[in-house]
Amino acid sequence: MLAALYGAFVYARREVVMGDIQRIFYVHLPLAWVGFVAFGHAAWAGIRYLQTGRQEWDVVGASAAEIGLLFATLVIITGSLWARPVWGTWWTWDPQLVTYLILWLIYAGYLVLRAAAGDDPRQARFAAVFAIVGFVDVPLVWLSARYLRALSPVIFTTRSIGLAPSMAWALLAGLVAWSLLYIVLVRARIRLGVLELRLQALIDERA
Amino acid sequence: MTYLFWAFAVVWIALFVYVYGLSRRSRRLEREVDELAARVGAGAEARHPTGAPVTPPPVGTPR
């Protein structure tokens, strides 16, 4: 993470048009990427839960979605802090921003559903389906930047990365650092969920 | 520079709050599980005076 911060603030050269404000990009894009991975993880756990009915998968799904939602919230905040000086507005109803907001709402809804499910397996299954269907929005966010005249810059194309080498390395360091942090966080959150299951099992045994 | 500062500050404050919350919840749950496990163990021993081993409850069985 220190390497990622060094890359963002020192190693990456200053962008000509936007200036230092462009450095937000080195935290904004990795957070968005890891958020997508987290939602994919939640959808995959939802599939496994529907296949096996094991509560562990429900815990994995909720853990991944919770961290994904945290990262997605930070993506929206950092995006707004970038947009204000660059576009002159905190928010605009751009196709990519709208599809991303829908994604945020879907997974916020998933977490509310799952919290309300309690011990009801039918509601837990419904929440798992919600997580799987919600993931369909991820490619829509990605594609909207390319095909729907979105304002966000398209960095990665099939032909090039679209960044100077120092910027590309700073971005890569950020992607690696935030991905590793996601692994650490999701493991800690899953452990917490398993403890909750263990506590519930003990309470049920006592009753 | 103000926007840049706040972007990174918000990210790190949010992460710190989340990790702190996780660690607090984790410590509280561990304590509760230990207390309940001890009580369940004591109750099971009272029901089995021969001292037969007590099998812990299964975790994560299908609902």
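Computed from the coordinates by the stated procedures, all read-outs in this text should not be read as laboratory data. The shown structure was predicted, so the numbers you read here are calculated from the model rather than taken from an experiment.
General observations
- With Cα atoms, 0 to 90° folded angle of helix A:55-87 axis to chain A main axis: 20 degrees
- Rounded to the nearest 500, the helix-only mean residue ellipticity at 222 nm of the protein assembly as shown stands at -26500 deg cm²/dmol, with each DSSP H run of n ≥ 4 adding -39,500 (n - 2.57).
- Distant alpha-carbon pairs in the protein assembly as shown (separation over 32 angstrom), percent: 34 percent
- Gyration tensor (alpha-carbon) shape descriptor, segment B:1-47, a/c threshold 1.5: prolate
- Cα long-axis angle, helix A:25-52 against chain A (0 to 90 degrees, to the nearest 10): 20 degrees
- GNM flexibility winner over chain A from A:ALA108, A:ALA127, A:ALA164 (Cα, springs under 10 Å): A:ALA164
- Cα-based helix-to-principal-axis angle, A:121-134 vs chain A, degrees rounded to 10: 20 degrees
- When chain A is treated as a GNM with alpha-carbon contacts under 10 Å, the residue of A:TRP91, A:TRP57, A:TRP104 showing the greatest mean-square fluctuation is A:TRP91.
- In chain A, Cα pairs under 8 Å separated by at least six residues give a relative contact order of 33 percent.
- Euclidean distance between Cα centres, segment B:2-25 to segment A:79-137, Å: 20 Å
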